[in-house]
Amino acid sequence: MGRRAGLAFLLAGLLVIAGISLFIGRYPAPYWTPPSLLGSDELARRLVLSLRLPRLLTAMMMGSSLAAAGLIFQMVFRNPLVEPGLLGVSQGAAFGAALSILALQASPLVTELSAAVFALLGLSLSFLLARRLRYGGWVLRLILAGIAVSALFGAGVGMLKYAADPLSELPEIG
């Protein structure tokens, strides 16, 4: 199978699965909403167009964004097995979310923003530390710095879990 044929097959599969997922749900009967019902039932039409379609499009855009971010990571490290934990991004985000839950007892939006800020902080610390190291090539220094930053934020998450109230805050940190 050629490259174009493979991409066409993946695109066709995506469109088929997306089309089917629009009509799977609990209304009017469990498991399936007949497409013919969209013309006659206002509630079914609003359910598909106002609820399921935006969720489907959001999921597709988020998936493509994550795929693009993964591709960039793979290109930077020249390694198809790279992941966000390599640079301290995942542990930084976990630390930011846990800190927000414990210290601020904030809304989900503030927790997400804190996680994003600390993820960028973890990435920045990895780059700054890699610039200070004088061992090996750039990619090796970046990986070593990322492992160190990831361990630092991982230890911070562990300390925050230890300080959390086991009945109310610890289940949220998970």
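Around the Cα centre of region 1-153, unit charges on the Cβ atoms of Lys, Arg, Asp and Glu (plus for the first two, minus for the last two) sum to a dipole of about 480 debye. Under the shape rule built on the C-alpha gyration tensor, where the axes satisfy a ≥ b ≥ c, region 99-158 is prolate, since a/c reaches at least 1.5 and a/b is greater than b/c.
Overall, the anisotropy analysis places region 3-77 in the prolate class: the square-rooted eigenvalues a ≥ b ≥ c of its C-alpha gyration tensor yield a/c not less than 1.5, with a/b exceeding b/c. Based on C-alpha pairs under 8 angstrom that are at least 6 apart in sequence, the chain has a relative contact order of 18 percent. Measuring gaps between exposed loop sites in the chain (chymotrypsin sites (Phe, Trp or Tyr not before Pro); DSSP loop; at most 11 other Cβ atoms within 10 Å), the longest gap, sites not included, is 32-134. For a bin width of 5 Å, list the pair-distance distribution of the chain built from all Cα-Cα distances, rounded to whole %. Histogram of Cα-Cα distances, whole percents per bin: 1, 8, 11, 12, 12, 10, 11, 12, 10, 6, 3, 1, 1, 0.
Screening the chain for whole DSSP H helices of 20 Å or more along their axis (Cα) with average Kyte-Doolittle hydropathy at least 0.0 returns 3-22, 53-77, 108-132, 138-163.
Charging the Cβ of each Asp and Glu at -1 and of each Lys and Arg at +1, and nothing else, the dipole of region 84-173 about its Cα centre rounds to 640 debye.
Every number here is computed from the coordinates shown, using simple stated rules; none is lab data. Keep in mind the model is a prediction, meaning the values are calculated, not measured. Note that each Cβ is placed from the backbone with ideal geometry, even for glycine, and that neighbours are counted across all protein chains shown.
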